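Structure first, then comments.
The values are calculated or read from the model by the stated rules, or taken from the named source; none is laboratory data. Predicted model only: the values in this text are computed from it and were never measured. A quick note on method: Cβ atoms are made from the backbone with ideal geometry, for glycine too, and the neighbour counts reach across all protein chains shown.
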Amino acid sequence: MPIKIQTTMTLCALLFFGVAGCSLDNRSRSSGVPSEGTTLVFSGDWNDVEASVQHAAGALEMAVVAGAGFGLEPAEVVGVPTKRCRFELVTGGDEPVLVRCWAMETGDPREIEVFARVGEFGDAPRERRLLELIGERLGELRGREWAPIGRR
């Protein structure tokens, strides 16, 4: 094959793969800070947990795909009566997210412990941001039937 054609084909291949590489979705990339998950404790009403998780997920371009376990666990299972729930979310970059909430107190407001893990290997900054948004919304809803959603 003549050198001119070979050079042109090589240049076209480099351009094609270079342009395709530039269009990768950056949302799916982690911050580079691995994590086993992050846990924070907030004060809030148990019946506001689901709404707070959905609000935080929407603000971070995530979607709740499953939720389970909003009931009271029997005392013989965990030592004291405990409310627990878990949510499975997915990010815009198709990464799995796990959120678990539990409260070992009765009455509202109560302390609610919230755990989050973003991605397969964790992502500490995004986990913390997700938890902060959940905590902010729990605070806004504490003791209220509803609260407007502010601008972010």
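Against the numbered list (1) in a helix (DSSP H, G or I); (2) modelled with pLDDT of 65 or more, Ser43 comes up short only at (1).
Could you tell me how many of the residues in the range 78-97 are touching a residue at least 60 places away in the same chain (Cβ under 8 Å) and surrounded by 16 or more Cβ atoms within 10 Å (Cβ to Cβ)? Number of matching residues: 2.
In the range 122-152, the residue that is surrounded by the most Cβ atoms within 10 Å (Cβ to Cβ) out of those that are among the hydrophobic types (A, V, I, L, M, F, W, C) and within 13 Å of the chain's Cα centre (by Cα) is Ile134.
Determine which single condition Arg144 fails, assuming it passes every other condition in (1) out of contact with any Cys (no Cβ under 7 Å at 6 or more places or on another chain); (2) modelled with pLDDT of 95 or more. Single failed check for Arg144: (2). Taken together, the residues in the range 82-133 that are assigned to a helix (DSSP H, G or I) and closer than 13 Å to Val41 by Cβ amount to 2.
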